[in-house]
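Worksheet: one structure, shown below.
The values are calculated or read from the model by the stated rules, or taken from the named source; none is laboratory data. Keep in mind that this is a model prediction, so the values were computed, not measured. As a convention, Cβ positions derive from the backbone with ideal geometry for all residues, glycine included, and neighbour counts pool all protein chains shown.
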């Protein structure tokens, strides 16, 4: 190897080392300028409904609050007559302290439900109540229920509850629908009053 070629290699190595050491700050500045992204859940619009999680057979659904407000959440379960036929939807939310009822439930049942026969809800074998229908719209007919502390306690202790509705085509017979209470306590305990 010629002396000239060795000097060129030394000069190249020295220049490379100098460049790396003198530009490390520049590389670090570029890395610190990277975007780390925004979590999508922070980008919800006020009033937007989202699924916050599941507890057993219960969904926790929330409505995004205005900036600075806490999101309002309810627990919900879709009920089936058999594996493929949804027949009702129940959502439960807590009420503010000081009310006689500690929670409220909305039960949506199909159109063609006989409205003169009230919805029967069996919280347990010993506690069965009737509730009137409030109104119907294109989605179905709604029952608005006030739930007392003892109603909630029966649901927390049980494994299932039942409710009955009557179809307009057969007024003498009722249709019994089972409500799973798997996960009810965990779901109910995490939501806050509206």
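Does residue 96 satisfy the condition of being out of contact with any helix residue (DSSP H, G or I) (no Cβ under 8 Å at 6 or more places or on another chain), at negative phi and touching a residue at least 40 places away in the same chain (Cβ under 8 Å)? Yes; evaluated as a whole, the condition is true for this residue. Taking the conditions exactly as written (in the same structural domain as residue 172 (by TED's automatic domain parsing) and under 30 Å from residue 166 (Cβ atoms)), does residue 83 satisfy them or not? For residue 83, the condition - in the same structural domain as residue 172 (by TED's automatic domain parsing) and under 30 Å from residue 166 (Cβ atoms) - is met. Every listed requirement among (1) outside any helix (DSSP H, G or I); (2) over 18 Å from residue 88 (Cβ atoms); (3) without any contact (Cβ under 8 Å) to a residue 60 or more places away in the chain is met by residue 192 save one, (3). Note on the stretch 99-145: residues that are surrounded by 15 or more Cβ atoms within 10 Å (Cβ to Cβ) and in a strand (DSSP E or B) total 21. Annotation note: Cβ proximity below 7 Å between a residue of the stretch 175-189 that is in contact (Cβ under 8 Å) with a residue 60 or more places away in the chain and a residue that is part of a helix (DSSP H, G or I) and surrounded by fewer than 19 Cβ atoms within 10 Å (Cβ to Cβ) (sequence gap 6+ or interchain) occurs for 184/156. Condition (residue is in contact (Cβ under 8 Å) with a residue 24 or more places away in the chain and either in contact with a helix residue (DSSP H, G or I) (Cβ under 6 Å, 6 or more places away or on another chain) or outside the structural domain of residue 50 (by TED's automatic domain parsing) (or both)) applied to the stretch 137-144: is it met by at least one residue? No: the stretch 137-144 contains no residue that is in contact (Cβ under 8 Å) with a residue 24 or more places away in the chain and either in contact with a helix residue (DSSP H, G or I) (Cβ under 6 Å, 6 or more places away or on another chain) or outside the structural domain of residue 50 (by TED's automatic domain parsing) (or both). Within the set 80, 19, the sole residue that is out of contact with any helix residue (DSSP H, G or I) (no Cβ under 7 Å at 6 or more places or on another chain), at pLDDT below 80 and surrounded by fewer than 16 Cβ atoms within 10 Å (Cβ to Cβ) turns out to be 19.
The condition of being within 25 Å of residue 138 (Cβ to Cβ) and over 14 Å from the mean Cα position of the chain (by Cα) holds for only one of 93, 121, that being 121. For beta carbons closer than 8 Å, sequence separation of 6+ or different chains, a first residue in the stretch 152-174 that is assigned by TED's automatic domain parsing to the domain that holds residue 95 and modelled with pLDDT of 95 or more and a second that is in a helix (DSSP H, G or I) and surrounded by 15 or more Cβ atoms within 10 Å (Cβ to Cβ), the qualifying pairs are 152/188; 155/184; 155/188; 156/184; 156/185; 156/188; 161/154; 161/155.
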